[in-house]
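Engineer: This structure is in structure tokens; I'll ask about it shortly.
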Amino acid sequence: PMLCSLGATLVLASRPKSDGGVVRRNVKVSDFFIGYRTVEKEDMEVIERVDVPLLQDRFEYCIPFKQARRREDDISIVTSGMRIKLRPATTDNGDRHWEIEDVAIAFG
């Protein structure tokens, strides 16, 4: 969920038998996980790299959350990643406030 809320991209690589070259493709993390224990990856592909965009220096925040109530182990029952990007704004009468420019929330 954290990588998803950050807009991360996975670089998947494979080496076809025909020419020996490396074939790469980019998949957003939000598109990679398509179901329970099911991912958008071919049999011979590996995750070569995870590209995570940097947050802005100011007014963009990201935080993870974890809910774990199981007594036997520490496997969480749900996790979440949340990112919010704010921008300063001014109303017509001159009052200053904050507006949400972008928000991403992911659960898993």
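The values are calculated or read from the model by the stated rules, or taken from the named source; none is laboratory data. Quick caveat: nothing in here was measured; it's all calculated off a predicted structure. Here the Cβ positions follow ideal geometry from the backbone for every residue, glycine too, while neighbour counts run over all protein chains shown. Protein only, heavy atoms only, side chains kept; ligands, DNA and RNA dropped before computing areas. Shrake-Rupley method; radii C 1.70, N 1.55, O 1.52, S 1.80 Å.
Engineer: Please state which of the following conditions Leu12 fails to meet, knowing it meets all the rest: (1) at pLDDT 90 or above; (2) open to solvent by 100 Å² or more (accessible area, probe 1.4 Å).
Structural biologist: With (1) at pLDDT 90 or above; (2) open to solvent by 100 Å² or more (accessible area, probe 1.4 Å) applied to Leu12, the lone miss is (2).
Engineer: Same structure, new question: So, in the stretch 41-55, how many residues would count as being acidic (Asp, Glu), more than 19 Å from Ile105 (Cα to Cα), at pLDDT 90 or above and surrounded by fewer than 15 Cβ atoms within 10 Å (Cβ to Cβ)?
Structural biologist: Result for the stretch 41-55: 1.
Engineer: What is the residue count in the stretch 78-93 for residues that are in contact (Cβ under 8 Å) with a residue 40 or more places away in the chain and hydrophobic (A, V, I, L, M, F, W, C)?
Structural biologist: Going through the stretch 78-93 one residue at a time, the tally reaches 1.
Engineer: Could you check the stretch 15-40 and list, in sequence order, the residues that are among the acidic types (Asp, Glu) and either loosely packed, with under 10 Cβ neighbours inside 10 Å or part of a helix (DSSP H, G or I) (or both)?
Structural biologist: Within the stretch 15-40, Asp19, Asp31 qualify.
Engineer: State all residues of the stretch 1-25 that are within 21 Å of Cys62 (Cβ to Cβ) and not hydrophobic (A, V, I, L, M, F, W, C); if no residue qualifies, say none.
Structural biologist: Answer for the stretch 1-25, where residues must be within 21 Å of Cys62 (Cβ to Cβ) and not hydrophobic (A, V, I, L, M, F, W, C): Pro1, Ser5, Gly7, Thr9.
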